[in-house]
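First up is the structure itself, then whatever we jot down about it.
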Amino acid sequence: MQSRVAVIGIIVEDPASVEALNELLHEFADIIIGRMGIPYHRRDISVISIAVDAPQDRTSALTGRIGALDGVSCRTAFSNLFFDAE
């Protein structure tokens, strides 16, 4: 199966969903390359970016579950390159 690098942009508007989001990210830790979280106190939201390397269906499974959380939205940008999964 082929793998693609992607960036997932996440906006958290409901602090009550942070724990569930962190549990999801822990569950998918094997595909996560890196993570950056920025608490934007002025607007009372959090902005998170996640870099992943995984087959597209695995990335989509993660983003689908993230998007189902209350007060959380996400979008994904995929690289155009495909790599052999390791």
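Read-outs throughout are calculated quantities, based only on the coordinates presented, and are distinct from any laboratory measurement. Being a predicted model, the structure only gives us computed values, none of them experimental. Please note: Cβ atoms are built from the backbone with ideal geometry, for glycine as well, and neighbour counts cover all protein chains shown.
Listed residues A51, A77, A68; which is surrounded by fewer than 13 Cβ atoms within 10 Å (Cβ to Cβ) and in contact (Cβ under 8 Å) with a residue 24 or more places away in the chain? Quick ask: steps written out before the conclusion?
Details: A51 fails: surrounded by fewer than 13 Cβ atoms within 10 Å (Cβ to Cβ); A68 fails: in contact (Cβ under 8 Å) with a residue 24 or more places away in the chain.
The conditions single out A77.
If I ask for residues that are of a type in the set (F, W, Y) and either touching a Cys at 6+ places or on another chain (Cβ under 8 Å) or under 15 Å from A6 (Cβ atoms) (or both), which ones from the range 28-44 would you list? Walk me through how you get there before you give the answer.
In the first step, residues of the range 28-44 are kept if they are of a type in the set (F, W, Y); the result is 28, 40.
Correct list: F28 only.
I45 fails exactly one of the following numbered conditions: (1) touching a Lys or Arg at 6+ places or on another chain (Cβ under 9 Å); (2) under 18 Å from E13 (Cβ atoms). What is the number of that condition?
Unmet for I45, out of (1) touching a Lys or Arg at 6+ places or on another chain (Cβ under 9 Å); (2) under 18 Å from E13 (Cβ atoms): (1).
Tell me whether the range 29-47 contains one or more residues that are of a type in the set (F, W, Y) and exposed (fewer than 13 other Cβ atoms within 10 Å of the Cβ). Full working, then the answer.
At the first step, the residues of the range 29-47 found to be of a type in the set (F, W, Y) are 40.
Adding the requirement that they be exposed (fewer than 13 other Cβ atoms within 10 Å of the Cβ) leaves 40.
Yes, that holds for at least one residue.
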